[in-house]
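Read through the structure below, which is laid out as structure tokens, and then see the notes.
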Amino acid sequence: MAKSGLIIICDNDVITLMNLKDSLEPFGFEIIPANNKKELFHFLQHYSTDFVLMNLDLQETDGISICLEIRQQKDLKQPFVIIYSQKIDDFIQITAFNSGADDYLATPLKSNIVAARLKAMLKRKKDQQTEKIIPQKGISIDKESFKIFKDGTSYILPKKEFEIIYFLLSNPNKVFTREEIAISVWGRVEVAKQRTIDIHVRNIRKTLGNDSIKTLKGIGYSIV
């Protein structure tokens, strides 16, 4: 079976690591188990990684803090980061998404659902790479470096903020609801029910200026 991508799974529990490895490999994924943060970053530095799938609650730290570290290391190929946990309260999930996580899954994990989500993420990424983005309002994009250029100045945005700008620039003059943005960027409509998208848009405006994204009250966002 053709490989569907490389996943580093990080969990302190060896049995959980092996169970996840055995359940996801039949879907075509290559799996590298990491038992702690040190092993995780070692593998990230030595392998071209598509996904990091990790437990929220690790002995020496937590998955949200690790996600922030990954996003801050611009020399790393930025993988999709998926956090899983028994904790499902909104505050923790919003914090995870705001740290740069691409998904948050409640345990127990179902391997067929996890595999489907991961493959959907890769498909969206490949679709983005084939799109040609026309600069709008002085904003252009370098997809390889995650850099945004505005009026000759370059900016490096967190992954999700970059993907929001990318999505809006791909469809200039069109207004998107929060639900449409959530599905395109996160692959999950539930994200729209939280404040995650609004927080990211506010951060984008702080970086690129208040005129970078337009709000249509009661509808959504656009770049016009």
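The values are calculated or read from the model by the stated rules, or taken from the named source; none is laboratory data. All of these numbers come straight from a predicted model, not from anything done at the bench. Note: ideal-geometry Cβ built from the backbone for every residue, glycine included; neighbour counts use all protein chains shown.
Considering only residues that are in contact with an Asp or Glu (Cβ under 7 Å, 6 or more places away or on another chain) and either part of a helix (DSSP H, G or I) or closer than 17 Å to Phe80 by Cα (or both), which ones fall in segment 25-48? Even if it seems obvious, please write down each step before you answer.
Taking segment 25-48 first, the residues in contact with an Asp or Glu (Cβ under 7 Å, 6 or more places away or on another chain) are 31, 36-37.
Listed by number, the residues that qualify are Ile31, Lys37.
Is it true that some residue in segment 130-147 is over 19 Å from the mean Cα position of the chain (by Cα), surrounded by 15 or more Cβ atoms within 10 Å (Cβ to Cβ) and either modelled with pLDDT of 90 or more or among the charged types (D, E, K, R) (or both)?
Checked segment 130-147: at least one residue is over 19 Å from the mean Cα position of the chain (by Cα), surrounded by 15 or more Cβ atoms within 10 Å (Cβ to Cβ) and either modelled with pLDDT of 90 or more or among the charged types (D, E, K, R) (or both).
Go over the candidates Phe91, Phe41, Phe97 one by one and state the one that is loosely packed, with under 14 Cβ neighbours inside 10 Å and aromatic (Phe, Trp, Tyr).
Details: Phe41 fails: loosely packed, with under 14 Cβ neighbours inside 10 Å; Phe97 fails: loosely packed, with under 14 Cβ neighbours inside 10 Å.
None of the other options fit; the residue is Phe91.
Would you be able to tell me the number of residues in segment 44-71 that are hydrophobic (A, V, I, L, M, F, W, C) and touching a Ser or Thr at 6+ places or on another chain (Cβ under 7 Å)? Give the derivation first.
Within segment 44-71, the first condition is being hydrophobic (A, V, I, L, M, F, W, C), and the residues that meet it are 44, 51-54, 56, 58, 64, 66-68, 70.
Restricting the remaining residues to those that are touching a Ser or Thr at 6+ places or on another chain (Cβ under 7 Å) gives 56, 64, 67-68.
Qualifying residue count for the region: 4.
Do we have any residue at all in segment 48-55 that's in the same structural domain as Asp102 (by TED's automatic domain parsing), surrounded by fewer than 17 Cβ atoms within 10 Å (Cβ to Cβ), more than 15 Å from Asn12 (Cβ to Cβ) and out of contact with any Gly (no Cβ under 7 Å at 6 or more places or on another chain)?
Within segment 48-55, the first condition is being in the same structural domain as Asp102 (by TED's automatic domain parsing), and the residues that meet it are 48-55.
From what's left, surrounded by fewer than 17 Cβ atoms within 10 Å (Cβ to Cβ): 48.
In the following step, the residues that additionally are more than 15 Å from Asn12 (Cβ to Cβ) were identified as 48.
Subset that is out of contact with any Gly (no Cβ under 7 Å at 6 or more places or on another chain): 48.
Among the residues of segment 48-55, at least one is in the same structural domain as Asp102 (by TED's automatic domain parsing), surrounded by fewer than 17 Cβ atoms within 10 Å (Cβ to Cβ), more than 15 Å from Asn12 (Cβ to Cβ) and out of contact with any Gly (no Cβ under 7 Å at 6 or more places or on another chain), which makes the answer yes.
Just name the residue that is farthest from the chain's Cα centre (by Cα) out of those in segment 161-203 that are over 21 Å from Lys217 (Cβ atoms) and charged (D, E, K, R).
Applying the filter and picking the extreme gives Glu190.
Report every pair of residues separated by at least 6 positions or lying on different chains whose Cβ atoms are under 6 Å apart, first residue within segment 1-29 and within 18 Å of His42 (Cα to Cα), second among the polar types (S, T, N, Q) and surrounded by 17 or more Cβ atoms within 10 Å (Cβ to Cβ).
Leu6/Thr49; Ile8/Thr49; Asp11/Asn55
Pairs only if they're at least six apart or on different chains, beta carbon under 7 angstrom, first in segment 73-97 and within 25 Å of Gln45 (Cα to Cα), second exposed (fewer than 11 other Cβ atoms within 10 Å of the Cβ); list them, first residue then second.
Once the first residue is within 25 Å of Gln45 (Cα to Cα) and sits in segment 73-97, its partners that are exposed (fewer than 11 other Cβ atoms within 10 Å of the Cβ) give Lys77/Ser48.
Anything in segment 1-24 that is of a type in the set (A, V, I, L, M) and either buried (at least 17 other Cβ atoms within 10 Å of the Cβ) or not in a helix (DSSP H, G or I) (or both)? List them, or say none.
Of all residues in segment 1-24, those of a type in the set (A, V, I, L, M) come to 1-2, 6-9, 14-15, 17-18, 20, 24.
Met1, Ala2, Leu6, Ile7, Ile8, Ile9, Leu17, Leu20, Leu24, listed by residue number.
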